[in-house]
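Q: Right, I'll just put the structure down here and ask away after.
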Amino acid sequence: MRIISLKNVNKYYKTGNSSFHAIKDINLDIEEGEFVVILGKSGSGKSTLLNIIGGLDSYDSGEVIMDGFSYKNADDTIMSEFRCKKIGFVFQSYNLIPVLNVYENITFPINISGEKIDNKYITNIIKELGLDGKEKSFPNQLSGGQQQRVAIARALANKPKIILADEPTGNLDTAIGKDVLHLLTTEIKEYGHTLVMITHDPDIAKYADRIVTIEDGKIV
């Protein structure tokens, strides 16, 4: 079943009197439960494409449909609510909230959505990601690998259908990065989520069900 569909999507960045065509006529379909890597060099447009898929960035023409919902004409409030319920994000820089402990960071998306916390589910995620005993620790007390595990747990906490990951191992050394990637992909398969990840690393891309390569804003 198709869960993400992009149809002739274009994105321009305007600077003064000039404009840059960042995303060029992108057509992309992603199936439910699929792990897709968007592979490209720095400046290829992969981050812009991921942000458009996640509703974090606007686009100038075309259409984006996720789980039957079209982004076209959706205002900021509607998009925010949709993201909160349907999408989990994992960022390269972790983006944890420093004044919240591990448990509070993980459950933050649930609290802002107004949903009830499924304590059994959260406890299970914490255990599977090797964060037992760290629930009351703060981000500055954790290693980089542990912080990224917290970020993965946070992305999974609200039981979203789609996980979007932006270079999730980019700030980690090779061994820890592979460990985090293994945990992420294992969790995705166990809970049936769809995973879309961007990377510049072909070795990471090998873990995917499908690789989509982007160059100069176009899928090649």
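Q: Filter segment 1-57 for residues that are among the small types (G, A, S) and under 22 Å from F82 (Cα atoms); which is farthest from the chain's Cα centre (by Cα)?
A: S5
Q: Got at least one residue in segment 78-92 being in a loop (DSSP other than H, G, I, E, B) and surrounded by fewer than 16 Cβ atoms within 10 Å (Cβ to Cβ)?
A: No, every residue in segment 78-92 fails to be in a loop (DSSP other than H, G, I, E, B) and surrounded by fewer than 16 Cβ atoms within 10 Å (Cβ to Cβ).
Q: Please find, within segment 162-203, the residue that is most open to solvent (accessible area, probe 1.4 Å) out of those that are within 19 Å of L50 (Cα to Cα) and over 15 Å from the mean Cα position of the chain (by Cα).
A: Ranking the qualifying residues of segment 162-203, first place goes to H200.
Q: Would you check if there is a residue in segment 140-155 being more than 21 Å from C84 (Cβ to Cβ), part of a loop (DSSP other than H, G, I, E, B) and either touching a Leu at 6+ places or on another chain (Cβ under 9 Å) or open to solvent by 10 Å² or more (accessible area, probe 1.4 Å) (or both)?
A: Yes: one or more hits.
Q: Only one of L96, L184 is among the hydrophobic types (A, V, I, L, M, F, W, C) and modelled with pLDDT of 85 or more. Can you tell me which?
A: L96
Q: Let me ask another. Considering S19, S42, which residue is open to solvent by 30 Å² or more (accessible area, probe 1.4 Å) and outside any strand (DSSP E or B)?
A: S42
Q: Looking at E63 and the list (1) touching a Phe, Trp or Tyr at 6+ places or on another chain (Cβ under 8 Å); (2) surrounded by 14 or more Cβ atoms within 10 Å (Cβ to Cβ), which single condition is not satisfied?
A: Going through (1) touching a Phe, Trp or Tyr at 6+ places or on another chain (Cβ under 8 Å); (2) surrounded by 14 or more Cβ atoms within 10 Å (Cβ to Cβ) one by one, E63 breaks only (2).
Q: Applying the selection to segment 108-146, what residues are among the polar types (S, T, N, Q) and touching a helix residue (DSSP H, G or I) at 6+ places or on another chain (Cβ under 6 Å)?
A: S113, S137
The values are calculated or read from the model by the stated rules, or taken from the named source; none is laboratory data. Predicted model, so just to flag it, every value in this text is computed and none were measured. All Cβ positions, even for glycine, are placed from backbone atoms using ideal geometry, and neighbour counts span all protein chains on display. The protein model used for the area step is the full one, side chains on, heavy atoms only, and it has no ligands, DNA or RNA in it. Shrake-Rupley method; radii C 1.70, N 1.55, O 1.52, S 1.80 Å.
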